Amino acid sequence: MKQGSLGRVLSLRADSYMNDTPSLASPPPAKGRAGCFVVIFLVLAGGVWLWMNRPAPAAGGPPGGRGASRSATVAVTVGEVKQEDFEEWLSLSGTVTPLNVVVVRSRVDGQLDKVRFVEGQMVKAGDLLAEIDPRPFQVTLDQAKGQLSRDEALLLNARKDLDRYNALLKQDSIAKQQVDTQASLVLQYEAALESDRATVASAELQLSYTKVTAPLTGRVGLRQVDAGNMIRASDVNGLVIITQMDPIGLISAIPQERVAGIQQRLADGGPVLVEAVDKLMDKVLARGKLLTTDNQIDLTSGTLRLKAQLPNTDGLLFPNQFVVTRLLVETQPKAIVAPATAIQRGAKGGYAYVLQADNTVKLHDVVTGHTQGDRVLILEGLKPGDKVITMGVDRLREGSAVQVITPGKKPPTEIPQGDKPKGEGPRGKAAPLP
């Protein structure tokens, strides 16, 4: 039954029933009430059926519109396929590690008189960090010097006696044994003098240790001991920790599948470039080079540890800081590169829409390689100079008319251009491959 006929029949039945229904003053019989319910049910069922089978609006136009166009020129942006050097970077997790860390300890026992550094400051090798009470060591040095002077005087007198004994021996006025005894005494004083000089040097060295200096250039940490405390060479914490900040190291781990390529780069002697990037991947903190690799692969993770060295003149890197390590794995000269947003994926693989001279698009099947940032390596399907669609791809089909716009500007109003190709999916969904 047609929709109009069904509606008229239901309407006539409802009018007939209403005319035959007694007034509200007298309640209808039970049979009449049951018929009323049947009629109301039929009216509602007919209305639902009519609503569900209402005519659909024309495709491509506003709901309920008449004569709306079934397709329009699509506003798109384009990018150019270029031939340039393509660098493949591998992103790894890394930890900043200082190349040298020194716990500064006193080399003698004594009272800490003065602290000459400020916590967190940069110091150079040889800078004075602290002073220990030098008086006990100065006394020891003076004693050693006194003993040295005494033995020098004794040696001088023994040598003069030996010269006199030798002169008497030539005159046969003294026994040879007495001359030999005096010569032995000179040798004893000479040995004692050497010992005294060593004692003086040791005392001077101990005295110099009362001035604690920086063993390397770096940043000092927090002070471990305050002035006035007794410190000893055996103290575990020491005075302060100095960390070398520039250059600084970077430890990361590379999957074992990529180890052969890195080892080959190192064997060739060329530098392997390394970048330290923050966790948001939007700022390069430092650039350096790979130093070496570990000698065994971690069985748990299947990775090999790498060590790199990076300059840190700006002080942006700190020990134990987590960063993203970008490692230059390979550079392909004169490679074909396209914008990554132009490449779409379908059941048959990758494809891209190429802009034609008549402002239509043509679908190209492409084979891609590695993706680096907003660029992708093209192995097959595109050539340098091709203009590929980067935005608006979801509304395109083979031969679709397009209008190129500048990114960031509001696209123009769509212009009717005839029927939309059959089989177009809903807006916002990627088009399937033909």
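For ALA153, the conditions (1) closer than 20 Å to LEU128 by Cα; (2) part of a helix (DSSP H, G or I); (3) without any contact (Cβ under 8 Å) to a residue 24 or more places away in the chain are fulfilled apart from (1). Put simply, of GLU398, GLU330 the only residue that is among the acidic types (Asp, Glu) and under 30 Å from GLY288 (Cβ atoms) is GLU330. If the condition is being exposed (fewer than 14 other Cβ atoms within 10 Å of the Cβ) and farther than 25 Å from ARG219 by Cβ, then the range 295-324 contributes ASN295, GLN296, ASP298, LEU299, THR300, SER301, GLY302. Look at the range 324-342: where a residue is touching a residue at least 12 places away in the same chain (Cβ under 8 Å) and more than 19 Å from GLU275 (Cα to Cα) and a partner is of a type in the set (Ser, Thr, Tyr) and crowded, with 16+ Cβ neighbours inside 10 Å, sitting 6+ places away or on another chain with Cβ atoms under 6 Å, you get PRO339/THR390; THR341/THR390; ALA342/THR390. Here the strands (runs of 3 or more DSSP E) wholly within the range 286-384 that include at least 3 residues being under 23 Å from VAL101 (Cα atoms) and out of contact with any helix residue (DSSP H, G or I) (no Cβ under 8 Å at 6 or more places or on another chain) are 303-310, 322-339. Of the residues making up the range 347-371, those that are touching an Asp or Glu at 6+ places or on another chain (Cβ under 8 Å), at pLDDT below 90 and surrounded by 15 or more Cβ atoms within 10 Å (Cβ to Cβ) number 1.
Of all residues in the range 189-212, those that are over 19 Å from GLN138 (Cα atoms) have Cβ atoms under 7 Å from Cβ atoms of residues that are of a type in the set (Gly, Ala, Ser), 6 or more apart or on another chain, in TYR189/ALA158. In this structure, does LEU207 turn out to be in contact with a Phe, Trp or Tyr (Cβ under 9 Å, 6 or more places away or on another chain), on the phi < 0 side of the Ramachandran plot and outside the structural domain of LEU328 (by TED's automatic domain parsing)? Answer is yes for this residue. Looking at this structure, is VAL139 within 48 Å of the chain's Cα centre (by Cα) and either surrounded by fewer than 18 Cβ atoms within 10 Å (Cβ to Cβ) or hydrophobic (A, V, I, L, M, F, W, C) (or both)? Taking the combined requirement at face value, the residue does not satisfy it. Among the candidates SER301, SER252, the residue that is more than 30 Å from ALA125 (Cα to Cα) and touching a residue at least 12 places away in the same chain (Cβ under 8 Å) is uniquely SER301. What do you reckon, is ALA260 touching a residue at least 40 places away in the same chain (Cβ under 8 Å) and either surrounded by 13 or more Cβ atoms within 10 Å (Cβ to Cβ) or farther than 20 Å from LEU128 by Cα (or both)? Here the answer is no, as ALA260 does not meet what is asked.
The values are calculated or read from the model by the stated rules, or taken from the named source; none is laboratory data. Keep in mind it's a predicted model, so treat the numbers as computed, not measured. Here Cβ is always computed from backbone atoms with ideal geometry, including for glycine, and neighbour counts include all displayed protein chains.
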